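Working notes for the structure below.
The values are calculated or read from the model by the stated rules, or taken from the named source; none is laboratory data. Remember, predicted model here, so these are calculated numbers, not experimental data. Every residue, glycine among them, receives a Cβ derived from its backbone with ideal geometry; neighbour counts consider all protein chains shown.
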Amino acid sequence: MKPEIRIGIGFDFHPFARDRQLILGGVAIPHDQGLQGHSDADAVLHAVTDALLGAAGMSDIGSFFPDTDPRYKGASSLILLEKAYRLIRGKGFSVGNVDIVVIAEEPKIMPYSPAMKANLSRVLQIDAQEIGVKATTMEGKGPIGRREGIAVEAVALLYRDQNS
Ligand code: MG
């Protein structure tokens, strides 16, 4: 019998802020600005976390990890991703693959893609080749084009073996 498969989508946007370290996919990226947010504002991991939760039919990242909770102030979003992973594992799901689009005018993202994939691979227990990281710009248009922030889209495929 076919395994049960589920797809989920996630989206996140954070505005740039001075005096913040830019962290995407759990990787510190040298840049003159970081992203504003309650946690480390890692828009890549937030989008992936939402995609995982969505695929499992669960609520969104904000309901599990509210930005009013002092425990998550400045927290590494890898911790949020690990918790979401445990939640979906608790429902009997494994991760098939993840695909990510980073939408940013700057900085260049692709040099950091191998390190991002290594982090996601470790937490989600999948091969690096089961993770896609792509980057695009808004060609100078709109808030992202004006370098006001970074948006990320992600999809995740989950599967559940009939045995589980
Ligand atoms: Mg976020």
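Farther than 28 Å from PRO3 by Cα, at pLDDT 95 or above and in contact with a helix residue (DSSP H, G or I) (Cβ under 6 Å, 6 or more places away or on another chain): is that true of ALA154 in this structure? No; evaluated as a whole, the condition is false for this residue. Applying the criterion of being away from the ligand (no atom under 15 Å from the Cβ) and not in a loop (DSSP other than H, G, I, E, B) to the residues of the range 5-53, the residue that is farthest from TYR85 (Cα to Cα) is ILE29. Residues in the range 136-150 that are buried (at least 19 other Cβ atoms within 10 Å of the Cβ) and outside any helix (DSSP H, G or I): GLY149, ILE150.
Only one of the numbered conditions (1) assigned to a helix (DSSP H, G or I); (2) within 13 Å of the ligand (Cβ to nearest atom); (3) touching a Gly at 6+ places or on another chain (Cβ under 9 Å) is not met by GLY62, and that is (3). Filter the range 65-86 down to residues that are more than 15 Å from the ligand (Cβ to nearest atom) and either touching a Leu at 6+ places or on another chain (Cβ under 7 Å) or at pLDDT 95 or above (or both) and give me whichever is farthest from ILE131 (Cα to Cα). Out of the qualifying residues, it is ARG86. Within the range 77-110, the set of residues being touching a strand residue (DSSP E or B) at 6+ places or on another chain (Cβ under 8 Å), closer than 19 Å to ILE29 by Cβ and part of a loop (DSSP other than H, G, I, E, B) comprises ALA104, PRO107, LYS108, ILE109.
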